[in-house]
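Have a look at the structure that comes next, please.
The values are calculated or read from the model by the stated rules, or taken from the named source; none is laboratory data. Remember, it's a predicted structure, so these values are computed and weren't measured experimentally. Here the Cβ is made from the backbone with ideal geometry for all residues, glycine too, and neighbour counts use every protein chain on show.
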Amino acid sequence: MSKFSISVLLLMFSCGVIIADDVTDGTELLFSLLIHRHGDRTPIEFSLLLSNDPITLVALSAPYGYGQLTDAGKIRAFALGDYIGRRYSELLAPRYNRSEVYIRSTDSTRTKMTILTALASIYWPAEGTGWSDKINWEPVPYTTVPAKYDFNQGTVNCPTFTNYVTAAMFTPYPELSERYSEILALLSSKLGYNISNVPLIVFAIYDVYVSQLSLGLAIDDDVAAVLDQIEELAGISFDLLYGSDNYKKYQAGVLLNEFYTYSAQAIAGVDTQRLRIYSAHDVNVYAFEAVTEIENRQGAPKYASAYSLEVRRVTETGEIVVLPVYQPTPGTPEIYLQVKGCGDVLCNYDRFVEITSSNALDEDTWRIECGFTDDLVIDDSSVD
Ligand SMILES: *[C@@H]1O[C@H](CO)[C@@H](O)[C@H](O)[C@H]1NC(C)=O
Ligand SMILES: *[C@@H]1O[C@H](CO)[C@@H](O)[C@H](O)[C@H]1NC(C)=O
């Protein structure tokens, strides 16, 4: 057995994760709601100065603009489509049918380009089945909502949540500062200012490193040597910022409510789209893990990571169950996640609703609790 597969096995045991295999045998897929992150992108403009080489990074980003999907991102988005097409082939006809699938993107170029690329893969016409001999592509539409009104954009349009995240980002966490003191000292020396007391900032530093590595620009050797620990601290930052018990519902509570609404229709046999795809951002993927009370949250979501909730009927008993499925990044095996307090990865549907319902919000309540008003001016520069 290779070193790699041994470490994967150890990881499986240590995280209580079960690799996709025969868990789904003897079940029928009724419905799935999937949310994914966009593919590789250039850095967000405000994060450039966190890089070790902003000048080269500016030059590498120039052909795309900041925060934009790159060619590497398109390759990953296409692979995401391969995954979705394979995993949900039961729900989809070979050619696009609007009755089967609902597709929604945040109003952001990188998420829209990602879903378009993924859909080109999902509906890649088999030889001689498309509408053209020359163009091997099926046009498939998605819908979007302006950032000001999108319930998946709580970070920019929900003042209650934005205020929380901003405050938390600059809050001291002495225990984290202590545990990661070496990393924080190293990054402080690189940046030229002391971040030891604001450990959650590492979330943004990690983000810029990942985007520059994807563009082929190396990070410093001493930082590269501890990148896994930086990633770990970024994951903890995600948890405190977007996984907080009191605030996670403002980022993903309405989506959870959508899951209840449409899965109930599918279970009842009502005509509804049985696959719902949401193209979005790392914070969406993470917050959805949090509101669905996943025990083993998966850390900072990678490019084109995907998280779905599948509703299945166990053939033998007729029991309806929810199966949380995570694809860490396209090309790796998907894994099944455990809902806290639900005995099995196949979580009884009613039990799932019971465990998660305090995190769900209808859209009107969400706006009220967010302190949303029509004259709200949003700053969507990080997601445009
Ligand atoms: C599209 O899907 C619906 C629902 O499954 C089905 O009734 C309809 O016949 C399909 N349309 C086409 C053109 O295949
Ligand atoms: C950074 O701040 C921490 C906490 O105030 C302090 O212990 C540390 O010595 C500072 N590091 C530098 C390089 O100034």
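So which of Ser105, Ser99, Ser89 ends up being in contact with a strand residue (DSSP E or B) (Cβ under 7 Å, 6 or more places away or on another chain) and over 13 Å from Ser211 (Cβ atoms)?
Values: Ser99 fails: in contact with a strand residue (DSSP E or B) (Cβ under 7 Å, 6 or more places away or on another chain); Ser89 fails: in contact with a strand residue (DSSP E or B) (Cβ under 7 Å, 6 or more places away or on another chain).
One residue alone meets the criteria, Ser105.
Of the residues Ala167, Ala118, which is farther than 27 Å from Asn246 by Cβ and either among the small types (Gly, Ala, Ser) or under 19 Å from the mean Cα position of the chain (by Cα) (or both)?
Ala118
Looking at (1) over 30 Å from Thr42 (Cβ atoms); (2) away from ligand 1 (no atom under 16 Å from the Cβ), which is the one condition that is false for Lys248?
(1)
Taking the options Thr111, Thr160, Thr166, Thr117, name whichever one is free of Cβ contacts under 8 Å to residues at least 24 places away in the same chain and part of a helix (DSSP H, G or I). So that I can check it myself, show each step before the final result.
Values: Thr111 fails: free of Cβ contacts under 8 Å to residues at least 24 places away in the same chain; Thr160 fails: free of Cβ contacts under 8 Å to residues at least 24 places away in the same chain; Thr117 fails: free of Cβ contacts under 8 Å to residues at least 24 places away in the same chain.
Going through Thr111, Thr160, Thr166, Thr117 in turn, just one is free of Cβ contacts under 8 Å to residues at least 24 places away in the same chain and part of a helix (DSSP H, G or I): Thr166.
Got a sec? Which of Ile219, Ile205, Ile195 is β-branched (Val, Ile, Thr), within 17 Å of Lys302 (Cα to Cα) and modelled with pLDDT of 95 or more?
Details: Ile219 fails: within 17 Å of Lys302 (Cα to Cα); Ile195 fails: within 17 Å of Lys302 (Cα to Cα).
Unique residue meeting the criteria: Ile205.
Can you tell me which residue among Gly154, Gly130 is small (Gly, Ala, Ser), within 21 Å of Ile236 (Cα to Cα) and either within 16 Å of ligand 1 (Cβ to nearest atom) or within 26 Å of the chain's Cα centre (by Cα) (or both)?
Gly154
Quick check on Pro125: is it outside any helix (DSSP H, G or I), more than 30 Å from Leu48 (Cβ to Cβ) and more than 20 Å from the chain's Cα centre (by Cα)?
It is true that Pro125 is outside any helix (DSSP H, G or I), more than 30 Å from Leu48 (Cβ to Cβ) and more than 20 Å from the chain's Cα centre (by Cα).
Six or more apart or on different chains, Cβ atoms under 9 Å: show the pairs whose first residue is in segment 78-95 and without any contact (Cβ under 8 Å) to a residue 40 or more places away in the chain and closer than 17 Å to Tyr278 by Cα and whose second is of a type outside the set (S, T, N, Q) and away from ligand 2 (no atom under 16 Å from the Cβ).
Here the result reads Gly85/Leu92; Gly85/Ala118; Gly85/Ile122; Gly85/Tyr123; Gly85/Trp124, each pair linking segment 78-95 to a residue that is of a type outside the set (S, T, N, Q) and away from ligand 2 (no atom under 16 Å from the Cβ).
What are the residues in segment 301-317 that are over 23 Å from the mean Cα position of the chain (by Cα) and either farther than 19 Å from Leu91 by Cα or among the hydrophobic types (A, V, I, L, M, F, W, C) (or both), if any? Walk me through it before giving the result.
Taking segment 301-317 first, the residues over 23 Å from the mean Cα position of the chain (by Cα) are 313-317.
Selection gives Val314, Glu316, Thr317.
Determine whether segment 122-129 contains at least one residue that is in contact (Cβ under 8 Å) with a residue 40 or more places away in the chain and of a type in the set (Ser, Thr, Tyr).
no
Please determine, by comparing only the residues of segment 327-348 that are more than 22 Å from the chain's Cα centre (by Cα) and surrounded by fewer than 19 Cβ atoms within 10 Å (Cβ to Cβ), which one is nearest to Thr162 (Cα to Cα).
First, pick out the residues of segment 327-348 that are more than 22 Å from the chain's Cα centre (by Cα): 341-344, 348.
When the remaining residues are screened for being surrounded by fewer than 19 Cβ atoms within 10 Å (Cβ to Cβ), the result is 341, 343-344, 348.
Values: Gly341: 30, Gly343: 35, Asp344: 35, Asn348: 34 Å.
So the residue we want is Gly341.
Please determine, by comparing only the residues of segment 182-216 that are over 22 Å from the mean Cα position of the chain (by Cα) and among the small types (Gly, Ala, Ser), which one is farthest from ligand 2 (Cβ to nearest atom).
Gly216
I would also like to ask the following. Any idea which residue in segment 26-49 is farthest from Ser214 (Cα to Cα), counting only those that are surrounded by fewer than 22 Cβ atoms within 10 Å (Cβ to Cβ), among the aliphatic types (A, V, I, L, M) and in contact with a helix residue (DSSP H, G or I) (Cβ under 6 Å, 6 or more places away or on another chain)?
Leu30
Tally up the residues in segment 93-120 that are surrounded by 17 or more Cβ atoms within 10 Å (Cβ to Cβ), closer than 20 Å to Glu258 by Cα and either of a type in the set (Lys, Arg) or within 16 Å of ligand 1 (Cβ to nearest atom) (or both), please.
Result for segment 93-120: 4.
Residue-wise test of (1) farther than 24 Å from Gly341 by Cβ; (2) surrounded by fewer than 21 Cβ atoms within 10 Å (Cβ to Cβ); (3) in contact (Cβ under 8 Å) with a residue 40 or more places away in the chain; (4) among the charged types (D, E, K, R).
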{"position": "Gln229", "(1), (2), (3), (4)": "yes, yes, yes, no"}
{"position": "Leu240", "(1), (2), (3), (4)": "no, yes, yes, no"}
{"position": "Lys249", "(1), (2), (3), (4)": "no, no, yes, yes"}
{"position": "Phe259", "(1), (2), (3), (4)": "no, no, yes, no"}
{"position": "Ser263", "(1), (2), (3), (4)": "no, no, yes, no"}
{"position": "Gly269", "(1), (2), (3), (4)": "yes, yes, no, no"}
{"position": "His281", "(1), (2), (3), (4)": "yes, no, yes, no"}
{"position": "Val285", "(1), (2), (3), (4)": "no, no, yes, no"}
{"position": "Glu289", "(1), (2), (3), (4)": "no, no, yes, yes"}
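So which residues in segment 129-176 are surrounded by 17 or more Cβ atoms within 10 Å (Cβ to Cβ) and within 14 Å of ligand 2 (Cβ to nearest atom)?
Tyr173, Leu176, listed by residue number.
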